[in-house]
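A quick write-up on the structure given underneath.
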Amino acid sequence: MSQEKQIIILGDACAHCKVMENRVREVVKEEQWEVPITVIGDIGQILKYGVLSTPALILGNDIVMVGHIGSKAEIKELIENYLNSN
């Protein structure tokens, strides 16, 4: 049984977190990908992922970016590779 693809963004309070969220949403919309995006701001939930620096980008079960804002091109490449994987 295949697991549904999902994007998780950790962090919602800082300016960098907002930029990360906006870039991810823009890329998903521009590429017309249908994938759920969840934003987690609760520090207790963030710490469960072992992440100490936000923003963080999680694709499925993999933490792919922590503590910095990726460019739209970098985010697009990461998400595209993830969505095309089994």
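Annotations
- Taken over the chain, lysine pairs spaced eight or more positions apart, or on distinct chains, with alpha carbons under 18 Å apart number 7.
- The chain - mean residue ellipticity at 222 nm from DSSP helices (-39,500 (n - 2.57) per run, n ≥ 4, rounded to 500): -13000 deg cm²/dmol
- Pairs of Cα atoms nearer than 8 Å and 6+ residues apart set the relative contact order; for the chain it is 36 percent.
- Highest-first arrangement of 6-19, 32-45, 68-81, where packing means the average Cβ count within 10 Å: 6-19, 68-81, 32-45
- Fully extending the segment from GLN6 to ASN22, taken as 0.36 nm per residue of separation minus the present Cα-Cα distance, adds 4.1 nm.
- FRET efficiency, LYS48 to ALA15 (Cβ-Cβ, R0 25 Å, nearest 0.05): 0.55
- Near-label residues of the range 44-86 by backbone N, under 13 Å of a point 7 Å along Cα→Cβ of VAL35: 57-65, 74-86
We did not get these values from a lab; they are worked out from the coordinates using the rules stated. Everything quoted here is computed from the prediction, not taken from an experiment. With ideal geometry, Cβ positions are generated from the backbone for all residues, glycine too; neighbour counts draw on all protein chains shown.
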